[in-house]
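The structure appears right after this line, and notes come after that.
Only the coordinates and a few stated rules stand behind these numbers; no lab work does. All values reported here derive from a predicted model rather than from experimental measurement. Methodologically, a virtual Cβ is constructed for each residue, glycine included, from the backbone with ideal geometry; neighbour enumeration extends over all protein chains shown.
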Amino acid sequence: MRHVPQPAVDRMVDFSARPLVVGVVPDLPQLVALTALSLARAAQAPALHFAYADPTRYVVTERPDGSVVHAALDPDDAGDTWQQTQTDIERQVAATLRGAEVPWQVHYLAGRPDRALTHLARAVDAAAIVVGTRAPGAAARMHELLEGSVAVHLAHHQHRPVLTVPLSVVDWKDLKAPWKQ
């Protein structure tokens with residue numbers, strides 16, 4: 001059985017003056033970006049690394065700086081739609097963080113979001129990873145049921161803290177036990 005390094009005091013990454021990685025999706029919820037900015041200010045982070053992991057693409061090469069060379073899973077994909085997605089995310093981040101004193105950049109990654117964010121966090125020596133909760137709705141619930149929660153996968157498969165920003169909450173009274181649904 002392979003040894004997997006476990007979280008420990010000697011593996012802890014100090015928050016002070018370390019960058020943050022922020023997992024984002026197209027149509028970026030402002031609350032995720034602004035929460036990351038607030039944490040970055042408090043921790044005197046030198047940078048925010050916003051990252052989108054496109055599940056329709058795969059990693060060809062991982063670079064030491066956290067960026068990747070990627071290609072489409074579908075061989076018939078025209079190959080240029082990802083660039084528009086990256087530009088849209090960059091515009092959304094720029095509009096949300098207008099005037100922010102913390103430098104930021106957007107990384108377009110590929111594959112499983114938890115693995116892609118972990119690779120980037122290691123590459124930039126991030127203090128933590130910030131992600132939002134899933135979007136509301138039946139489609140999002142089905143997606144999470146099939147693929148799992150990115151925040152949960154991150155919390156279980158790497159040693160950096162994961163800050164999960166709530167985007168939609170459910171009243172405790174509305175919660176049903178799984179066997180009563």
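Of note:
- Alpha-carbon centroids, the range 2-39 and the range 104-123: separation in whole Å: 11
- Extending 7 Å from the Cα toward the beta-carbon at both T61 and H157 defines two label points whose distance is 2.4 nm.
- Fully extending the segment from A42 to Q105, taken as 0.36 nm per residue of separation minus the present Cα-Cα distance, adds 20.8 nm.
- Each residue of the range 66-133 gets 114 Å³ once the volume of the Cα convex hull is shared out per residue.
- Charge-dipole axis of the range 1-54 as Lys and Arg at +1 and Asp and Glu at -1 on Cβ define it, positive-most pick from A33, V9, A45: V9
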